[in-house]
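Single-structure report; data block below.
The values are calculated or read from the model by the stated rules, or taken from the named source; none is laboratory data. All values derive from a computational prediction rather than experimental measurement. Don't worry about glycine lacking a Cβ; one is built from the backbone with ideal geometry, like all the others, and counts go over all protein chains shown.
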Amino acid sequence: MTIEDEIRSASEKFYSALNRTLNGDAGPMGEIWFHSATVTAMSPLGGCEVGWDQVRRSWERVAQVAAQGHVRVSDQFIQVYGDVAYELGVEYLHVTLAGQLETYGIRVTNIYHRESGGWKIVHHHTDIAQSAIDALSRPEKIT
């Protein structure tokens, strides 16, 4: 298996965990993220989460309000530099957030770090999806 294949495998694990999160189960995220104070996430909902505890809580919040979700990544571009790799692409999402159906495509950057057990994600960054932010800001949203 080439290093690029290893990154594609890590990406597949991330998107599998993200699909589970979009269906109410954020648990698998803990298996694919590097657990450190320096990991970061900038989701379609805005903001910047720093450190594994904040990143984990952000995925748990998404799982609480998401249902019937599916995401896939396309147009992948992968580069590897030693023990660090990045992936660019477009995420296509279809999910119900707080009772409102959302469908959109957003640009994504994922950064991976190699550790003894393989590649783990250390950063996830997408465009902001204003419609998703609006859906979650309604007074009747699920918290």
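Structure values in brief
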{"read-out": "Residue in the range 125-135 that is among the charged types (D, E, K, R) and modelled with pLDDT of 95 or more present", "value": "no"}
{"read-out": "Unmet criterion (only one of (1) farther than 24 Å from Ile7 by Cα; (2) surrounded by 15 or more Cβ atoms within 10 Å (Cβ to Cβ)) for Gly46", "value": "(2)"}
{"read-out": "Scan of the range 21-39 for residues that are more than 16 Å from Ile111 (Cα to Cα) and among the aliphatic types (A, V, I, L, M), ordered by number", "value": "Leu22, Ala26"}
{"read-out": "Residues satisfying the stated conditions in the range 107-118, i.e. over 15 Å from the mean Cα position of the chain (by Cα) and either outside any strand (DSSP E or B) or aromatic (Phe, Trp, Tyr) (or both)", "value": "Ser116, Gly117"}
{"read-out": "Hits in the range 20-35 - residues which are surrounded by fewer than 17 Cβ atoms within 10 Å (Cβ to Cβ) and in contact with a His (Cβ under 9 Å, 6 or more places away or on another chain)", "value": "Asn23"}
{"read-out": "Search result, residues across the range 41-65 that are over 27 Å from Gln100 (Cα atoms) and touching a strand residue (DSSP E or B) at 6+ places or on another chain (Cβ under 9 Å)", "value": "Val50, Gly51, Trp52"}
{"read-out": "Odd one out for Gln130 among (1) without any contact (Cβ under 8 Å) to a residue 40 or more places away in the chain; (2) in contact with a Pro (Cβ under 8 Å, 6 or more places away or on another chain); (3) not acidic (Asp, Glu)", "value": "(2)"}
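Condition check ((1) of a type in the set (S, T, N, Q); (2) touching a residue at least 12 places away in the same chain (Cβ under 8 Å)) across all residues:
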| site | (1), (2) |
| --- | --- |
| Ser16 | yes, yes |
| Gly24 | no, yes |
| Gly30 | no, yes |
| Ala37 | no, yes |
| Thr40 | yes, yes |
| Arg61 | no, no |
| His70 | no, yes |
